[in-house]
Amino acid sequence: MIKTSEIDKPLILAMMALVAIGFVMVYSTSYIMAMKRFGNEYFFIKKHLMFIALGFLLFFIAANVEYRLYKRWIYLIIFISLVSLIILTFVHSISSEAGGARRWIKLGHLTFQPSEPAKLAVVIYLAYYLAAKKDKIKTFSIGVIPPIIMSGLFMLFILKEPDFGTALTLGAITIIMMFIAGVRLRYLFSIFFAAMPIIYLMVTRVDYRMKRVLVFLDPWMDPGGAGFQLVQSLIAFGAGGIWGVGLGEGKQKLFYLPEAHTDFILSVIGEELGLIGVSALLILYLIILVSGIRISFKAADLFGQYLAIGITMLIVLQAAVNMAVVLALLPTKGLTLPFISYGGTSLIVNMTGMGILVNIWRNRET
Amino acid sequence: MIIPYLKFRVIIILLSFVSIFIIIFAKTVELQVLERDKLKAKADNQHLKTMNIIPMRGSIYDREMKELAVSMEVDSIYAQPFRIDDAGKSANLVAAALSIDRKELESKFTSKKSFVWVKRQLDFAKAEKVRKLNIQGIGFVKEGKRFYPNPQVASHLIGFVGVDSKGLEGVELGYEEYMAGTSSRLIRERDALGNEISLGSLRQESSKGSDIVLTIDKTIQYIAEKELFKVVANSQAKGGMVIVMAPRTGEILAMANAPHFNPDIFFEYKSPNIWRNKATTDAFEPGSTFKVFLLAALFEEGAARADDLFFCENGHYSVADRTFHDVKKFGWLNLTQIIKYSSNIGAAKAGDRLGKERLYRYIKDFGFGAKTGVGLPGEVGGSVPLLKEWSKVTIGNISFGQGMSTTGIQLLSAFSAIANNGYLMRPYVIKRILNGKGDAIEEFRPSVIRKVISEETARRVTNVIREVTKTDGTGVRAAIDGFEVAGKTGTAQKPDFSVGGYSSDKYVSSFIGFAPADNPEIAILVVVDEPSGEFYGGAIAAPVFKEVATQSLAYLGVFPRGMGTTAQDWNTRVKGAVGYPKDRIAKSLYITQKEPDSLDWERKDFSHMPDFSARTVRSVLRLAREVQIEVRILGSGKAVYQKPLPGEKINHGQAAEVWFK
């Protein structure tokens, strides 16, 4: 087992604090809806508690698995991730659909979201590949083509679900990791500019994405219709003020905010816990960011360094995007708030990632 | 191990994220601090569904805290359609109970709205019927409804409220902001589906409006109205007014207008004119009563003395293109006689002697041509021609009250200055304003506008106008046994704008006076508009003055001196004479305890109810006098029951009732 001296304490405390806040807030946001839909106010929170337990289990396993082993298992990891995405896409009998998107695989009573572990798989792959090819990283054929193809393949399947937000996040993490590994800036800019028209087309060709962008540009344009969710989110923040209306006292979760317990949980935190609550969250994510980078700097090898950065990005980037969305700084994406939102797979994968970080820290250079 | 280049790039990423976090924080501050109020209002707006319900309006009391207008809590019925299971059946039941249209009700019950009124301001019995039906989705709230306990009393002064309980006339209109109460509402919390949130229940936030205490005395008001309606009926007059004032303070004790209207059914009167409190809103030519002010100016200026003689031209006196007439042909009259017999020609000549500048100045000083600020809506100031427009005829005209106009309240206020040692008081009808707890938030006190004439002049004027009610004076029918009355009659032809002069058959008969002349307690103006047949002020208005003054003085406990009469005898006489309302008997007895010349009628805070049981009427009355409470005697024999019960504290202004058997 792990000795406390071997743990990066701020990182773990930050994670535990976020999970605890998440637990309370998922209950606060879901109990009325759970009551209404399932006649059981504990419907969501019970499942969430189970995911937290599972998350901690995987966190401990990952913290004890020598991270260098992933290099050896890399193609198995990639294979399993891709297969699960393919199953999701083509075998409809065991996948489930919600809101026009096919993002979940059903295993008995449980459902899980293959795109979440897939992100972690791609991060492990990129860390492995970029570290292995560090000498030829500045060439186009070695430094750019293979990672883009691998990443692109995953993004393609994720887009097929469709899950535009997750695909874009994956793309952004890929670019960040390549940037850190030393890929030439001009290549990165080229990729970026090449991606722009594709993104543009994908947005403008799909009605709801276009609508989301327009709503983002002016949420108050149609507050009762397309802008409803965003406007309600802003109202929630305003209602909370500095100190918040008090835990459980929020009104916006009462069907004003769709997905109050998942994607828009920050709005309810803003309403119930106020600016104080939101600031606390920002600080906790900042601690994870700084700790993750510190672990990266201390890692024993280049793979560990890249992996630490990648996992940190996975969490912090998603947190930043989610917050920016609910605050109307970015168009709506459909991403959860790491450690906080209801959503089992995301929570478990993120906690597994934290376990890997702990392991990198334990094996650090001394 | 780490190459510096990589570290540099990691730090760029770190800084980028820190910047992003700062932006997120800034945006949060913008929403939660800077734009908070705007967003909070939107949040409240969608969570709270607000229904305006009619608040409990403040009461209007007379000076003795007797209720003149009150709001009572009545039931209003509403429905929340989404909670009603069987709209058709429910509509049938409710429509039958309330005798209202079933179809209309059913469409309300099936509407998409989250809240509809079924019927507002119901009487208790009907509300109870619906309550017994016990239908889900039907709710009750208490709303205020205006009641006028004595709709026949002071209706012009009090005014009335509309269907929404907003003041439309009179004190109800003028003091709306005090009496309305804060907008009271029913608050329901809703979720996005418009459903009532189970967490929050119906909340009612309401606060009663402030109470208004008038200077009016309900009894004197009653006396004034009774006598006014009597004279208007007997003389088949178009209308009239009686105003009673306490000359030393400016408090209005009564303000009666005829014809009468019932504020409960104000909308049934064809012309809004009937609602107007003409004592303050309509100006009229005063006629001879105005000669009193000429007299005051002459004395104050030393321009004439009471025994100065003027030749009255045997009834015809031509000035420029006009000829002034007197009712009788007079030769030489002194100034006292000019007033006593009301010679227009004598007044015109006296006015001439005073000169227009001085006459004008005194008219303005007495407050004519300017609003008094009595505190009632719609007051007008009357009109006095500008000095530069005065011709030789104008002086004559104005000297006997023609060619200018005044409201009743102005005339009586100015006249009261003579009764009040020359001090012109601001007339007022609002004594105090009480908040919901009964504490005074505003208190109105007597205020002097200016000193118009000296005490000496006031005394000399009084001595002259005492003569009016003696032996062969024009106002002899205003005389009261046992008191000296100072007053003046007025008989004014009404201006007829169709012929550009004065009507030959339309008169305004008036009498203005105060009593007792040597120690004035009340000043009264009586105006009868267009009486038929007899039209002289001395014949029509003076007797009304006599009745109102006699009864009011008795009620106030002001008794004649040196006549050997006891208070009790006086009371008996007066009661027998004018038919007091029953509850006034004990009241009069209470009043006998007071100093006759004191105008401070405020009762001391009395303690608790004594035990009256088994006492005789006489004994109860004596005990009541001792503890200074007002009792109403019901029945005869021995006291068997009383309200309030022995030992209970008595509310201010509440009369005790004692039953005898």
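The values are calculated or read from the model by the stated rules, or taken from the named source; none is laboratory data. What you see is a predicted model; the values in this text were computed from it and never measured. With ideal geometry, Cβ positions are generated from the backbone for all residues, glycine too; neighbour counts draw on all protein chains shown.
For A:Phe79, the test of being in contact with a helix residue (DSSP H, G or I) (Cβ under 7 Å, 6 or more places away or on another chain), at pLDDT 90 or above and not charged (D, E, K, R) is failed.
Checking each residue in segment A:135-168 for being within 14 Å of another protein chain (Cβ to nearest Cβ) and β-branched (Val, Ile, Thr) picks out only A:Ile137. Taking the criterion of being among the small types (Gly, Ala, Ser) and in contact (Cβ under 8 Å) with a residue 60 or more places away in the chain, the residues of segment B:272-323 that qualify are B:Ala279, B:Ala283, B:Gly287, B:Ser288, B:Ala296, B:Ala297, B:Ala306, B:Ala320. Taking the listed residues A:Val245, A:Val316, A:Val321, A:Val278, the one that is within 8 Å of another protein chain (Cβ to nearest Cβ) and surrounded by fewer than 24 Cβ atoms within 10 Å (Cβ to Cβ) is A:Val316, with no other qualifying.
Residue by residue, here is whether (1) without any contact (Cβ under 8 Å) to a residue 24 or more places away in the chain; (2) closer than 30 Å to B:Ala440 by Cβ; (3) more than 14 Å from chain A (Cβ to nearest Cβ) holds:
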site	(1), (2), (3)
B:Lys27	yes, no, no
B:Leu31	yes, no, no
B:Gln46	no, no, no
B:Ser59	no, yes, yes
B:Leu68	no, yes, yes
B:Ile84	no, no, yes
B:Lys113	no, no, yes
B:Gln121	no, no, yes
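Looking only at residues in segment A:291-307 that are aliphatic (A, V, I, L, M) and at the interface with another protein chain (Cβ under 10 Å from one of its Cβ atoms), the one that is surrounded by the most Cβ atoms within 10 Å (Cβ to Cβ) is A:Ala299.
Any residue that is in contact (Cβ under 8 Å) with a residue 60 or more places away in the chain, farther than 29 Å from B:Gly473 by Cα and either of a type in the set (Ser, Thr, Tyr) or in the same structural domain as B:Ala542 (by TED's automatic domain parsing) (or both) - is there at least one of those in segment B:334-345? There is no residue in segment B:334-345 that is in contact (Cβ under 8 Å) with a residue 60 or more places away in the chain, farther than 29 Å from B:Gly473 by Cα and either of a type in the set (Ser, Thr, Tyr) or in the same structural domain as B:Ala542 (by TED's automatic domain parsing) (or both).
Restricted to segment A:40-125, the set of strands (runs of 3 or more DSSP E) holding at least 1 residues that are of a type in the set (Val, Ile, Thr), under 20 Å from the mean Cα position of the chain (by Cα) and within 29 Å of A:Ile21 (Cα to Cα) comprises A:101-107, A:110-112. Within segment A:222-230, is even one residue within 14 Å of another protein chain (Cβ to nearest Cβ), modelled with pLDDT of 85 or more and on the phi < 0 side of the Ramachandran plot? Scanning segment A:222-230 turns up no residue that is within 14 Å of another protein chain (Cβ to nearest Cβ), modelled with pLDDT of 85 or more and on the phi < 0 side of the Ramachandran plot. Can you confirm whether B:Asp308 is over 22 Å from B:Ala419 (Cβ atoms) and under 27 Å from the mean Cα position of the chain (by Cα)? No; evaluated as a whole, the condition is false for this residue. For segment B:140-177, residues that are in contact (Cβ under 8 Å) with a residue 12 or more places away in the chain, farther than 13 Å from B:Gly58 by Cβ and among the aliphatic types (A, V, I, L, M) total 6.
On the stretch given as segment B:319-333, residues that are in a strand (DSSP E or B), more than 17 Å from B:Gln493 (Cα to Cα) and out of contact with any strand residue (DSSP E or B) (no Cβ under 8 Å at 6 or more places or on another chain) total 1. When restricted to residues that are closer than 23 Å to B:Val544 by Cβ, free of Cβ contacts under 8 Å to residues at least 40 places away in the same chain and among the charged types (D, E, K, R), segment B:476-503 contains 1. Taking the conditions exactly as written (among the aromatic types (Phe, Trp, Tyr) and at pLDDT below 90), does A:Tyr285 satisfy them or not? Considered against the rule, which asks whether it is among the aromatic types (Phe, Trp, Tyr) and at pLDDT below 90, A:Tyr285 comes out as no. Considering segment A:325-350, and only residues there that are among the small types (Gly, Ala, Ser) and part of a loop (DSSP other than H, G, I, E, B), the residue that is surrounded by the fewest Cβ atoms within 10 Å (Cβ to Cβ) turns out to be A:Gly334. Screening A:Ile287 with (1) within 18 Å of B:Leu15 (Cβ to Cβ); (2) at the interface with chain B (Cβ under 8 Å from one of its Cβ atoms) gives one miss only, at (2).
Scanning segment A:1-55 for residues being closer than 22 Å to A:Ser291 by Cβ and at pLDDT 90 or above gives a total of 16. Residues in segment B:296-316: is at least one touching a Ser or Thr at 6+ places or on another chain (Cβ under 9 Å), aromatic (Phe, Trp, Tyr) and modelled with pLDDT of 90 or more? Checked against the condition, which is being touching a Ser or Thr at 6+ places or on another chain (Cβ under 9 Å), aromatic (Phe, Trp, Tyr) and modelled with pLDDT of 90 or more, segment B:296-316 yields at least one hit.
Number of residues in segment B:260-313 that are surrounded by 21 or more Cβ atoms within 10 Å (Cβ to Cβ), among the polar types (S, T, N, Q) and in a helix (DSSP H, G or I): the value is 3.
Taking the criterion of being in contact with an Asp or Glu (Cβ under 7 Å, 6 or more places away or on another chain) and surrounded by fewer than 24 Cβ atoms within 10 Å (Cβ to Cβ), no residue of segment B:522-546 qualifies. Those helices (runs of 4 or more DSSP H) of segment B:119-193 in which 2 or more residues are modelled with pLDDT of 80 or more and touching a His at 6+ places or on another chain (Cβ under 9 Å) occupy B:155-158. Where helices (runs of 4 or more DSSP H) sit wholly within segment B:1-101, those with at least 3 residues that are aromatic (Phe, Trp, Tyr) occupy B:4-29.
Residues that are in contact with a helix residue (DSSP H, G or I) (Cβ under 7 Å, 6 or more places away or on another chain) and either closer than 18 Å to B:Leu411 by Cα or not basic (Lys, Arg) (or both): does segment B:437-451 have at least one? Lay out the reasoning, then the answer.
Filtering segment B:437-451 for residues in contact with a helix residue (DSSP H, G or I) (Cβ under 7 Å, 6 or more places away or on another chain) gives B:450.
In the following step, the residues that additionally are either closer than 18 Å to B:Leu411 by Cα or not basic (Lys, Arg) (or both) were identified as B:450.
There is at least one residue in segment B:437-451 that is in contact with a helix residue (DSSP H, G or I) (Cβ under 7 Å, 6 or more places away or on another chain) and either closer than 18 Å to B:Leu411 by Cα or not basic (Lys, Arg) (or both).
Would you call B:Gly346 in contact with a helix residue (DSSP H, G or I) (Cβ under 6 Å, 6 or more places away or on another chain) and over 19 Å from B:Glu467 (Cα atoms)? For B:Gly346, the condition - in contact with a helix residue (DSSP H, G or I) (Cβ under 6 Å, 6 or more places away or on another chain) and over 19 Å from B:Glu467 (Cα atoms) - is not met. Of all the listed residues (A:Ile77, A:Ile52), the sole one being surrounded by 15 or more Cβ atoms within 10 Å (Cβ to Cβ) and free of Cβ contacts under 8 Å to residues at least 60 places away in the same chain is A:Ile77. Being surrounded by 18 or more Cβ atoms within 10 Å (Cβ to Cβ), among the hydrophobic types (A, V, I, L, M, F, W, C) and at pLDDT below 90 is a description that applies to B:Val319. Going through (1) buried (at least 16 other Cβ atoms within 10 Å of the Cβ); (2) not in a helix (DSSP H, G or I) one by one, B:Leu105 falls short only on (2).
Would you check if there is a residue in segment B:491-499 being closer than 26 Å to B:Phe400 by Cβ, in a loop (DSSP other than H, G, I, E, B) and among the charged types (D, E, K, R)? Looking through segment B:491-499, none of the residues is closer than 26 Å to B:Phe400 by Cβ, in a loop (DSSP other than H, G, I, E, B) and among the charged types (D, E, K, R).
All of (1) within 12 Å of another protein chain (Cβ to nearest Cβ); (2) under 21 Å from the mean Cα position of the chain (by Cα); (3) charged (D, E, K, R) hold for A:Glu259 with one exception: (1).
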